[in-house]
């Protein structure tokens, strides 16, 4: 009596078809996922700058003016200083660059707070565009 032959594993053709399908799926999904990463980094920078804005406004309420630098949110020898006004060190932006803080600000604003974006340089478009909070 002859036994029925059992087949173990996949043929080379079946493996190649699966690899091609996975490659096609990755090429369709990857660009959408990377665009989400870029937009989430921009939103993170905006959220961090809003937190800094709250700290800057609290500082102004106590001191009567905005600080000369973001470091004054953490420590200062000035009278009436009741900080720290920020819970930890001022974080870098999501791309690892320092936030730019100018006091007085641009266009008559009391201060300007900005991130230069992914490229870390003034100007740019899309992911490299400056994120400005006045």
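When segment 74-122 is filtered for residues that are touching a strand residue (DSSP E or B) at 6+ places or on another chain (Cβ under 6 Å) and either at pLDDT below 85 or more than 13 Å from residue 133 (Cβ to Cβ) (or both), the ones remaining, listed by number, are 105, 106. The listed residues are 98, 125, and the only one of them that is out of contact with any helix residue (DSSP H, G or I) (no Cβ under 8 Å at 6 or more places or on another chain) and either exposed (fewer than 13 other Cβ atoms within 10 Å of the Cβ) or in contact (Cβ under 8 Å) with a residue 60 or more places away in the chain (or both) turns out to be 125. Given the criteria closer than 27 Å to residue 41 by Cα and either buried (at least 18 other Cβ atoms within 10 Å of the Cβ) or in contact with a strand residue (DSSP E or B) (Cβ under 6 Å, 6 or more places away or on another chain) (or both), does residue 71 qualify? So residue 71 fails the test. Just wondering, is there one or more residues in segment 27-35 that are surrounded by fewer than 10 Cβ atoms within 10 Å (Cβ to Cβ), at pLDDT 80 or above, out of contact with any strand residue (DSSP E or B) (no Cβ under 9 Å at 6 or more places or on another chain) and more than 30 Å from residue 103 (Cβ to Cβ)? No, the conditions are met nowhere in segment 27-35. Being in contact (Cβ under 8 Å) with a residue 12 or more places away in the chain, surrounded by 11 or more Cβ atoms within 10 Å (Cβ to Cβ) and touching a strand residue (DSSP E or B) at 6+ places or on another chain (Cβ under 8 Å) is a property that residue 52 has.
The values are calculated or read from the model by the stated rules, or taken from the named source; none is laboratory data. Only a predicted model underlies this, so the values are computations on that prediction, with no experimental measurement involved. Please note: Cβ atoms are built from the backbone with ideal geometry, for glycine as well, and neighbour counts cover all protein chains shown.
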